[in-house]
Amino acid sequence: MSRMPLPYNPKILELFKNPKNVGKMEDATVTAVAGNPMCGDMITFYLKINDQDIIEKASFESYGCAANIATSSIVTEMVKGLKLEDAWKISWKSVTEAVGGLPSVKFHCGILAVGALKRAIRKYYRNKGVSPDWLRGGRTFEEKQALEEEDLAKLLTKRMKAAEEKQC
C-alpha cells in the first residue's frame, strides 16, 4: 500500500526548508514546551520580552513534520514586536491562514504552535506574579488541545507498557 504525499502549499514547503527564527535562545525571558511525542510533534518556544511587555525576539525548536516547523516559524514572525496582549489574540486559524492553509490532518500543528505561544505568555505572567485582566479566565482552545494531546500520549505510553509487561 502506498501513501499519498500531503498537499502542502509552496509557503509551507518554503518555511519548512528555510524556517525563520529556529534555534535555542540563550537569553530568553521565558520558554514553553508543547507537543505529543507519540505523533512526533514537539515544539519549544523562546520569547525575549522587554519591560513594556513587548516581544523583542522569538525563536523555536521543533521535532516534527513540515507543518509543525512551518507553523512554528510563522508564529515567531507574527509575534515579533507585539505587546503580549496582542500576541495572545493570535489563533490557530490566523496561523493557518498565514501559512496559506494546511491539510485538515495537520490543523493540530497550528494549534500546537499557538498553544506553546500561549503557554509561554501565561508562564511569563505567572513568573512575575501578576495576571492581567485579558489573561484571566480558563485556558484557551489551543492550550486545552495541547494538554489533551499530551494527556493522550501519556495514556498511550502507559497502555503500551502494560501490554508489554503482559506479554513477558
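A few comments on the model shown:
- Among the residues of the stretch 60-81, those identified as under 23 Å from PRO7 (Cβ atoms), touching a strand residue (DSSP E or B) at 6+ places or on another chain (Cβ under 7 Å) and among the hydrophobic types (A, V, I, L, M, F, W, C) are CYS65, ILE69.
- LEU117 within 18 Å of ALA28 (Cβ to Cβ), under 13 Å from the mean Cα position of the chain (by Cα) and not hydroxyl-bearing (Ser, Thr, Tyr): yes
- Evaluated against (1) surrounded by 17 or more Cβ atoms within 10 Å (Cβ to Cβ); (2) farther than 15 Å from ALA116 by Cα; (3) of a type outside the set (Val, Ile, Thr), ASN68 falls short on exactly one condition, (2).
- The residues of the stretch 42-80 that are assigned to a loop (DSSP other than H, G, I, E, B), in contact with a Phe, Trp or Tyr (Cβ under 9 Å, 6 or more places away or on another chain) and not acidic (Asp, Glu) amount to a single one, CYS65.
- Within the set SER59, SER73, the sole residue that is small (Gly, Ala, Ser), more than 21 Å from LYS144 (Cβ to Cβ) and buried (at least 24 other Cβ atoms within 10 Å of the Cβ) turns out to be SER73.
- Some residue of the stretch 31-47 being out of contact with any strand residue (DSSP E or B) (no Cβ under 8 Å at 6 or more places or on another chain) and without any contact (Cβ under 8 Å) to a residue 24 or more places away in the chain: no
- Restricting GLU61, GLU77, GLU97, GLU148 to those that are at pLDDT below 85 and among the acidic types (Asp, Glu) reduces the list to GLU148.
The values are calculated or read from the model by the stated rules, or taken from the named source; none is laboratory data. On a predicted model such as this, the values are computed, not experimentally measured, just so you know. Neighbour counts are summed over all protein chains in view; Cβ atoms, including those assigned to glycine, are modelled from backbone coordinates with ideal geometry.
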